[in-house]
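Before any comments, here is the structure.
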Amino acid sequence: MLRYVSVIASLIVACFTSNATALELSNPAAKFCTEQGGSYFLVEDTGGQRGICTLADGSEVDAWAYFREQHASVEERSLIADRIWLGGPILTMNDDAMRAEALAEKDGKIIGVGDADDVTALQGPETEIIDLAGRTMIPGFVDAHGHVFMIGIQALSANMLPAPDGTVNDIPTLQQVLRDFAEAQPKRVGAAGLILGFGYDDAQLAEQRHPTRDELDAVSTDIPVYVVHQSGHLGVANSKALELAGITADTPDPAGGVIRRREGSSEPNGVLEENAATVVIGGLLGGLDEQANRAIFRAGVELISSFGYTTAQEGRSIPAVANLMQTVATEEGLDIDVVTYPDVLVDRDYIRANHSRNYTDRFRVGGAKLTIDGSPQGFTALRDRPYYNPPEGFRADYAGYASASNNQVFDAIDWAFENNIQILVHANGEGASDILIGAIDTATQTHGQADRRPVLIHGQFMREDQVDAYNRLDVFPSLFPMHTFYWGDWHRDRTVGPVAADNISPTGWVRERGMMFSSHHDAPVAFPDSMRILDATVTRRSRSNDIIGPAQRVDVLTALKSLTIWPAYQHFEEGSKGSLEVGKLADLVILSKDPTAIDPETLDTIVVLETIKEGDTIYEASQREGRLNYLPRNDGTDPYADFLRIFTVSHEMQGAPRSFSAMRPSLFATAPHSGACIARTLSDIMTASLVTDSSGKE
């Protein structure tokens, strides 16, 4: 018989063992009888005294038999599964029992996992039996670092990504994609007055440089054109966009940003770094009403869940964005859990008042976010030494720069430790890690050791002594080995050189010290493809098929843990997520193949077939026609289309009579609208439209 039944039986027997007298309601049967509205009394029997319960309807029953019957029925009901999966490999991420034959779920939680005979003993007449048919089940992925609110924007912008996610591998193609995007929807672009593209990567362009304002002017001189770098830290504007943003030859570089200039001139060449890029975005983006922003958030949740994530992260928010996400969760519901970390340099009172380890309607504020430096592939990460081969015009001693001062970093870390608030810190370069280690060391000495789990985000360029320091200070490293695929060749040849490139995102060093780590996607910096993350974490193959750091590779099970149980620990959720164990949430993913049973070089061919949140299927695979193409829900509803209709109506109603403009645009969203009349472009979807003065986006 199933071991769970024997455990429950022993508990019931323990309840029955009592020396209480008939007058003592500590007697479980007597107490239960009175709690049900009955009266308890003793009668003499051949074997001695026996408890009788007179029920509310006047009938008399043996008190102990009544107690056993009622309690056994509760226990028996709790052991009847709603669903049982079997017929394929099940990888639990539990080191004590890594593989199982079957899994049972009841009310969103796992009630059995193990041998098929044991688990099927939990089957009842209404239990749904699901045959995996050789497919593989693993725990739902926990998003270690990404931007779920922004992911919806990624899918709706003109696709500037290089192969394999797009086609932009040279500047002429970039120009043509922007033209095609605009020509496909002339009314929409005209109404918006903006052409926006996302995801170009100078490291992958044949010209090995950023496009210029002149090259974007070739797309349009009448409409502002703005393309966002794949890192999110840089952008390029055409002349019209620069004009509308008020950027001229006389405009100084903003604090924490750079306006690149034409050679031998102070005239901007169109390339904007860090805060200079956000200034232009803020100047270009129009207002986006709440209904449109809600739809974009839902779209981001839908997209990331299609890659097996049952917990998503918005890794840097502001209060307006966090409040909007909470509103959506409360009023409309979320398919998956979402945790956000508002910027610690924006509003600490908000973080202190709202942070929680518990979800409300599948949403919570997990703590704070701090950004110290920028992007290594964009040469804005703060190093402890000069870059290997920086772009033309940089001094030989150029080592990047910080986007937060030392005082800001030390103060933010001290505040987080003092208030026992988890803090995630973006630190890419060695120089940034030096600042972070100093700040955490100081705060620990001031406030003492505690289970705060501060998180290093990215840590792409680190020295071994820094890994030792993070280990000593109990800092959890959330690393970015997917960079080895997307930018490994670039790091080898341009940013750090062949020796240091082998140690970017040093998962091998971390494991040598017995440390856990998580592996993330940072979407929309990269696409939130869980199998691409798995592949890169194991193989570290670059686009040119080079192995970037053979000594830093890890095995498949370790990589799977970095997507499941270890990021669950990172979020203080290892007790309910990350592994398939009795009592944990039934957050599950079904894959087309067993990652541990195939050639590791083919991990990226595995397909997420189904995503299951607390027992309910929230995504089933259908054919993707493009890596950035959004697919409607299986029930036919389309959140992206809903958003575009709502947003179109919102725009059109701006000029409507007051009696109409005061009404919610969602009331009119079902009215027919062709794609050509959808008003504003995707620039208005950016989070900056919620508060245009926010900065520091990762």
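At-a-glance table
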{"quantity": "Distant-in-sequence amide H partners of Y619 (H built 1.01 Å from N, under 5 Å)", "calculated": "T611"}
{"quantity": "Sorted by Cβ neighbour density within 10 Å, fewest at the top, the residues E128, E614", "calculated": "E128, E614"}
{"quantity": "Nearest-0.05 FRET efficiency for T34 and A218, computed from C-beta distance (R0 60 Å)", "calculated": "0.10"}
{"quantity": "Gained length - A450 relative to N471, 0.36 nm times residue gap less alpha-carbon distance", "calculated": "6.1 nm"}
{"quantity": "Simple label model, 7 Å out from Cα along Cβ direction - V61 to R463, nm", "calculated": "7.5"}
{"quantity": "Set of the range 120-145 residues, backbone N closer than 12 Å to the point 7 Å along the Cα-Cβ line of A97", "calculated": "120"}
{"quantity": "Karplus 3J(HN,Hα) series, Hz, for the range 164-181 with 6.51 cos²θ - 1.76 cosθ + 1.60 (x for Gly, Pro)", "calculated": "x, 8, x, 10, 8, 10, 7, 5, x, 5, 4, 4, 5, 4, 5, 4, 4, 4"}
{"quantity": "Segment D117-L42, length gained on full extension (0.36 nm per residue, minus Cα span)", "calculated": "22.6 nm"}
{"quantity": "Label-point separation in nm, N406 to D253, each point 7 Å along Cα→Cβ", "calculated": "2.0"}
{"quantity": "Fewest-first sequence of L557, L86, L563, L370 by Cβ atoms within 10 Å of each Cβ", "calculated": "L557, L86, L370, L563"}
{"quantity": "Contour minus Cα-Cα distance for R261 and R50 (0.36 nm per residue)", "calculated": "66.4 nm"}
{"quantity": "Amide H contacts under 5 Å for R209, placed H, 5+ residues apart", "calculated": "none"}
{"quantity": "Separation of the D180 and T596 label points, Cα + 7 Å toward Cβ, nm", "calculated": "4.3"}
{"quantity": "Which of D222, D96, D434 has the fewest Cβ neighbours within 10 Å, and the rest in rising order", "calculated": "D96, D222, D434"}
{"quantity": "Calculated from backbone phi, Karplus (6.51, -1.76, 1.60) coupling profile of the range 528-533 in Hz, x at Gly/Pro", "calculated": "x, 8, 4, 6, 5, 4"}
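Laboratory data are not the source of any read-out in this text; all were calculated from the coordinates shown. The model shown is predicted, which means the values in this text are computed figures rather than measured ones. Please note: Cβ atoms are built from the backbone with ideal geometry, for glycine as well, and neighbour counts cover all protein chains shown.
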